[in-house]
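Trainee: Before I ask anything, let me first share the structure, which is written out below as structure tokens.
The values are calculated or read from the model by the stated rules, or taken from the named source; none is laboratory data. What you see is a predicted model; the values in this text were computed from it and never measured. FYI the Cβ positions are ideal-geometry reconstructions off the backbone, even for glycines, and counts take in every protein chain you see. Just the protein is used for accessible areas: all its heavy atoms, side chains included, with ligands, DNA and RNA removed. Shrake-Rupley method; radii C 1.70, N 1.55, O 1.52, S 1.80 Å.
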Amino acid sequence: MKHLITFTFALSLTACASFNFSEEQWQQAVQAKITEWDLQKTSRIRAGQLRSFSNLGEHFVVIRAGVNRPYLIQFNNRCHELEWAQKIKATDHLNAGFDSIYFGKTPQMGCRVKHIYSLTREQDIALQNLEQQAAEHQDGDTKSS
């Protein structure tokens, strides 16, 4: 019985640790938050010095410019460079539909900005936790089965 409990615990940890959103799940989850929060598109932002970024699949990224200025960026197409990116580069002003964001040390092609949404700090944090919350929800479903 002791081995069965240990195995079950280890299995649930592995399932939680190895859970990753598919690209489709990222798109659905982020689109659901855009709708839930009734986020309004803005056509242009002053990006200035970009402090950090977090990818949300290959179609969305949260960029943080200045103090408490997070923005959700949606790309026209999949941005394959985003998954492995460690650096970000953009113009001082980002225009939706015109400008691109570049990732990596030697960016070959940028990812064209489709939409820009202003976020609150709380919304930024909630988006960063989407995948973890889904993993915990999946783990809860596994335990109740």
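Trainee: Rounded to the nearest 20 debye, what is the charge dipole size of the stretch 68-110 about its Cα centre when +1 sits on each Lys and Arg Cβ and -1 on each Asp and Glu Cβ?
Mentor: 100 debye
Trainee: If DNA, RNA and ligands are ignored and the probe is 1.4 Å, what is the ranking of W84, W26, W37 by accessible area, most exposed first?
Mentor: From most exposed to least exposed: W84, W37, W26.
Trainee: Okay, moving on. Please compute the net charge surrounding R78, taking Lys and Arg as +1 and Asp and Glu as -1 over other residues with Cβ under 13 Å from its Cβ. Let's see the in-between values first.
Mentor: Values: positive: R112, K114; negative: E23, E24, E58, E81, E83.
Overall, the nearby charge balance is -3.
Trainee: Calculated FRET efficiency, Q86 and E36, Cβ-Cβ r, R0 41 Å, to nearest 0.05?
Mentor: Efficiency for this residue pair is about 0.85.
Trainee: What figure, in Å² to the nearest 10, do you get for the accessible area of Y102 with a 1.4 Å probe and non-protein molecules left out?
Mentor: My reading of the accessible area for Y102 is about 90 Å².
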